[in-house]
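Heads up, the thing below is written out as C-alpha cells.
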Amino acid sequence: MRLVGEFHTLLAEQAGSPLLADFVNATVARTSLILARYGRPHLAECGIDEHVQLIEALKEQDRTRAMEIMDRHLHAFEDRAYAEEAPQTDISAILSRYVGTKD
C-alpha cells in the first residue's frame, strides 16, 4: 500500500503543480487509512496494469488516452475500495497486517 501511495504522489509531483502534489499527497494519506479500515483485503495491487497503461500513455503524450485511463482507474479504485462485509473496529488489528512489511 505504501508503494502505491508513493506512485500516486510521485506522478502528481511530475505534473509540476505544487497544489496538485499537495492535494494528492493528502488524499493518499487519508485514503490509505480509509482503505485499511473499510477496503477489501487484497487492495494493495491498486490496478498495477492501470498504472503501466497510464505511464505508456503519458510517454506517448496521448492526453485523451491518459484521461480515459485515469477515469477508469478512479472508478475501478472506488469499486475495489467498497467492502461488503462489516468493517473491523479495532485500529490496531487493522494496521497490524502492515507491521513488519517492506511494501
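The values are calculated or read from the model by the stated rules, or taken from the named source; none is laboratory data. It should be emphasised that the depicted structure is a prediction, and the values quoted were computed from it without experimental measurement. A quick note on method: Cβ atoms are made from the backbone with ideal geometry, for glycine too, and the neighbour counts reach across all protein chains shown.
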Of everything in the range 7-25, what is among the hydrophobic types (A, V, I, L, M, F, W, C) and either in a helix (DSSP H, G or I) or at pLDDT 95 or above (or both)? Give them in sequence order.
Phe7, Leu10, Leu11, Ala12, Leu19, Leu20, Ala21, Phe23, Val24
Set Val28, Val4: member being closer than 30 Å to Ser96 by Cβ, surrounded by 15 or more Cβ atoms within 10 Å (Cβ to Cβ) and at pLDDT 85 or above:
Val28
Please work out which residue is modelled with the lowest pLDDT, limiting yourself to the range 59-94 and to residues that are over 20 Å from His8 (Cβ atoms) and either within 20 Å of the chain's Cα centre (by Cα) or not in a loop (DSSP other than H, G, I, E, B) (or both).
Pro87
